[in-house]
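Participant: The structure that follows is given in the form of structure tokens.
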Amino acid sequence: MKYWTVLITLFIVFLYSFRIYFPAEPYYDEVYYVNLVRELINHQHFSTSLTTHPPLAAVFDTITFLTLGDYSVVWRLSSLVAGLVVVYLVFRLAESILKDRLAAGFAVVFYVFDCISLTQARIEMPNTLSQMFMLLSLFFLLKFIIHRDLTRSRAFMSAGIFLGLAMATKLTSVSWLIFYLGILTAVFFRSRKDNVGLWKDVLLWFFTVPVLIFFASHLFIPFLKGHHWSDIWTIQITQMNYLFVIAPTQTHGYSSLWWGWPLLLRPIWYFFQQTDGMVQGIICIGNPVIFWSIPFVVVYLLWDIFLKRSWVSLLILWGFLSQWIFFAFGKRIKFFHYFDNAMPFIVLAIAMISVRLWRAHILGRCAVVLYMSLVAGMFMYWYPLLTGFPISQGYFQQHMWFRSWI
């Protein structure tokens, strides 16, 4: 079993890191983040024009750049490592919530092959790093909520610290507070004692500590050239305006409506070039087999909740909705890759359904094998366009199923 674990791990590392050096120049939002780090290193300046997100990811990347150099592989290294850690966390969370190692294995398969998660783990953006911190936070919270492996204070402390790190990486991580408040409210109503202590810990570890960590991540800024303490406040205003205030007059060729993300209405071309009749592209898209299953998965979860009173399905559905519906609010333009935060819950749901079918009947096993084969086949079909591998013009055209995908 250990040998299989090692082989599977190496296979996943290969899938995620293959041709990660390409392209050699920054692409899509890498332009902003790489330039921000270069500003910090070369001019000791934190450009307010590039501060649409908190600075923790830039701090990590600055350390990486200074240690390993300014190369394309290095730019993407923090996202790659975070993406691989997230794969492991998906396994551990599935094992914890579903209490089934086979289901945890299914969840990893679906997550690795969902396409969008791999694309996000291969680009210099803070998304995957913040996702790693958020899932670590959830992992420790569940150690108290489900397993009682940790005391409430210690579990909440660990969860709160990682929540703070997530918020200091990407401000939209505050969406997890909505998720947590739903869980903790359920715990409140089920608990028969020490509810005052519960909410004191909630106030301390899920509000006070994350806010302190968030602001602490900005404390280096006043010591840079030409900066002052007031710049910390200026940056907060810039971020809030960017996320919630800027009018919807903004336009972008790849913006999309939040409700269309599960339907794959508008994926994003991160990179595209044609040379000597060959195409090299990187598209942020979901695996159609998984994504077009989402409406049926949600219906199943609702059925499981209302007819079988399944708290597991309720937890998964609440997690999915909190990481998706959150983006319906705010005036700024929105992009498909925001949906990546919801994918761990989607794959948990599909894994739960799959393992139930697997254990129910031989026909259920056949259905699971068929579904997994379709998922894996579709992933390999899209893989060249997830990694920028050169393909023919004809093969590229085969992937343009709809006009909105061009």
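The values are calculated or read from the model by the stated rules, or taken from the named source; none is laboratory data. Quick caveat, the model's predicted, so the values are computed rather than measured. Every residue, glycine among them, receives a Cβ derived from its backbone with ideal geometry; neighbour counts consider all protein chains shown. Accessible surface areas use protein heavy atoms only, side chains included; no ligands, DNA or RNA. Shrake-Rupley method; radii C 1.70, N 1.55, O 1.52, S 1.80 Å.
Participant: If the elastic network links every pair of Cα atoms under 10 Å, which of N287, N127, N241 fluctuates the most in the Gaussian network model of the chain?
Facilitator: N241
Participant: In the chain, which whole DSSP H runs stretch at least 30 Å along their own axis (Cα) and average -1.0 or higher on the Kyte-Doolittle scale?
Facilitator: Counting only whole DSSP H runs, the qualifying helices are 77-98, 362-387.
Participant: F271's amide H: which non-local residues (gap 5+, or another chain) put their own amide H closer than 5 Å, with H modeled 1.01 Å from N in plane and none for Pro or chain starts?
Facilitator: Amide H neighbours of F271: I282.
Participant: Continuing with this model, one more query. Specify the residue with the greatest mean-square fluctuation among A107, A349, A216, computed from a Gaussian network of the chain linking alpha-carbon atoms under 10 Å apart.
Facilitator: Result: A216 has the largest fluctuation of those listed.
Participant: To the nearest Å, what is the center-to-center distance of the stretch 208-233 and the stretch 266-304, using C-alpha atoms only?
Facilitator: 38
Participant: Per residue, how much accessible area does the chain show when a 1.4 Å probe rolls over the protein heavy atoms, in square angstrom?
Facilitator: With the other protein chains kept in place, the chain gives 45 Å² per residue.
Participant: Another question, then. Of I285, I213, I325, which is the most mobile in a GNM of the chain whose springs link Cα atoms less than 10 angstrom apart?
Facilitator: I325
Participant: Would you mind getting the Kirkwood hydrodynamic radius of the stretch 107-157 from its Cα pairs, rounded to one decimal in Å?
Facilitator: 12.6
Participant: For the chain, which whole-number percentage of the solvent-accessible area (1.4 Å probe, protein heavy atoms only) is attributable to carbon and sulfur atoms?
Facilitator: C and S atoms contribute 70 percent here.
Participant: Sticking with this structure for a sec: Return the long-range amide H neighbours of L150 (sequence gap of 5 or more, or a different chain), with a cut-off of under 5 Å between placed amide H atoms.
Facilitator: F144
Participant: Taking +1 at the Cβ of each Lys and Arg and -1 at the Cβ of each Asp and Glu, which of L184, Q44, H399 sits farthest along the dipole of the chain towards its positive end, judged by Cα position relative to the Cα centre?
Facilitator: L184
Participant: Taking a cut-off of 26 Å between Cα atoms, list the lysines near K143, but don't count ones fewer than 8 places away on the same chain.
Facilitator: K2, K99, K170, K193, K200, K308
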